[in-house]
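Each remark here refers to the structure printed beneath this line.
The values are calculated or read from the model by the stated rules, or taken from the named source; none is laboratory data. No experiment lies behind these values; they were computed from the predicted model shown. Cβ: placed from backbone, ideal geometry, glycine included. Neighbour counts: every protein chain shown.
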Amino acid sequence: MSVWGTDDLHYYSSTKKINLDDFTLTRDTKITVLSGAGISAESGVPTFRGEDGIWKDAEKMRLATPTGFATHPDKGWDFYNLRRMNMAGAEPNNAHKVLAELERQGYDVVVITQNIDRLHHVAGSKRVIELHGTIWEIKCGNPGCSLEPFENKDVPIKGIPLFCDICGTHLRPNVVFFEEMLDPVNVQNAEIRTRETDLFLVVGTSGVVYPAAGFAQLASASGAVVIEFNLENTPLSFFCDKSVLGQCGMLIPPTLNKLSRGEFVYEC
Ligand code: BJW
C-alpha cells in the first residue's frame, strides 16, 4: 500500500451506481466522511473557491504557500489572524452536529476533514483526521527545527510576526500550504479507513485539491456507497452513487434517517 497513494488515487474511474434502496445503514456500517469548506459555510466560515471564496484574492492564495508566507510573515499572520477571529466566533451547524450525534449513538464514524477550523471537534466528533492541519496550532517555519507544534487559541495573536526561540525562523500556523506534504500518518490512516469503508460521504468540497479528493475516488473503487452533499455537482460527482444537491446542514440528517430506515433520528 502506498502512503501517499496519489498515483493510484488520481485515476480511478467509476461506472458503478449502487441502488441506495439496496443499502441499509446500521451500527456495523463503517461510515467515513470527507469534509471540506462547504460544511462550515452554514457556520459563517467562508469557502475558498467560487464567487465569495477566499482565493478570489490571488495575494491571499500566495500567502498560503511556504514561500509566500516566509517572504511576508507579517501579511501572512494578518490573513490568518482575520480567519482566527472568524473561526473563533463560528459555531458548529447541523451538518457537523448530525455527524457527531451519529458517532455518539454508537455508529462507526470517522471524519476526514480538509478544514482547519476544528468545528467537527467542537460539535463532539471524536474520530477526526485533520488532513490540512489546524489554525489553532503554531509551528516553526523551519521543517528541520526541533520545536513541536503547540496549541495557541489567542484571538488575535499579538506581536506578529512571531519567531522561533530555538532557531529564529518565523513561526506559522500548523496548516498544510499548497505544495507541502501532508502528514504521512494522517494520509495513511485516511487511506486505510477509506479502503475498508462501507459508506463514504463527500460533504462540501469542490474536490479539486489532492490528495484529499482522491479518497472519494478510492472509496468508490473499493466498493463503498459514495454520496456527495454539495450545492452543485463537482468533479467527484462522477464517482458518487448519488449527489444530494443543496445545503448540507439541511440534507444530511434526512438522508441518514432514510438510509437507516428510520433507526437514526436527529432533530434539527
Ligand atoms: C456547500 C455549501 C453548503 C458551499 N452545503 N456544500 C500543480 C502545482 C503545484 C501543486 C499541484 C499541482 N497540481 C496538483 C498539485 C497538488 C496540490 C493540488 O491538489 N492542487 C490543485 C488545486 C491543482 N496539492 C497540494 O499541493 C497538496 N500537497 C501535495 O500534493 O504535496 C505533494 C506535492 C508537492 C509539490 C508539488 C506538487 C505536489 C497540499 C494541499 C494543501 C491545501 N491547502 C489549503 C489551505 C489550507 C490552509 C488554509 O486554510 O489556509 O486547503 S488550499 C484549500 O483548498 C484548503 C482546503 O482544505 C482545500 C480544499 O478546498 P475545499 O474544502 O474543497 O473548499 P472549496 O472552497 O474549494 O469548495 C467548497 C465547496 O463547498 C464547493 O463545492 C461549494 O459548492 C460547497 N458548498 N456551501 C454543501 N452549505
Any residue that is out of contact with any helix residue (DSSP H, G or I) (no Cβ under 8 Å at 6 or more places or on another chain) and at pLDDT 95 or above - is there at least one of those in the range 89-97? yes
Does residue 240 qualify as being buried (at least 23 other Cβ atoms within 10 Å of the Cβ) and more than 15 Å from residue 20 (Cα to Cα)? no
Output the number of residues of the range 178-236 satisfying the condition of being more than 11 Å from the ligand (Cβ to nearest atom), of a type in the set (S, T, N, Q) and in contact with a strand residue (DSSP E or B) (Cβ under 8 Å, 6 or more places away or on another chain). 5
If a residue counts only when it is over 30 Å from residue 262 (Cβ atoms) and within 13 Å of the ligand (Cβ to nearest atom), which helices (runs of 4 or more DSSP H) contained entirely in the range 21-85 have at least 3 such residues? 58-63, 66-71
Residue hits (the range 121-148; without any contact (Cβ under 8 Å) to a residue 40 or more places away in the chain, part of a loop (DSSP other than H, G, I, E, B) and outside the structural domain of residue 37 (by TED's automatic domain parsing)) are 142, 143, 144, 145, 146, 147, 148
Which of the residues spanning the range 217-235 are in a helix (DSSP H, G or I) and in contact with a helix residue (DSSP H, G or I) (Cβ under 7 Å, 6 or more places away or on another chain)? 217, 218, 219, 220
Got a sec? Which of 158, 139, 153 is basic (Lys, Arg), over 20 Å from residue 235 (Cβ atoms) and out of contact with any strand residue (DSSP E or B) (no Cβ under 9 Å at 6 or more places or on another chain)? 158
Just a yes or no: is a residue in the range 149-172 among the aliphatic types (A, V, I, L, M), buried (at least 20 other Cβ atoms within 10 Å of the Cβ), assigned to a strand (DSSP E or B) and not assigned by TED's automatic domain parsing to the domain that holds residue 70? no
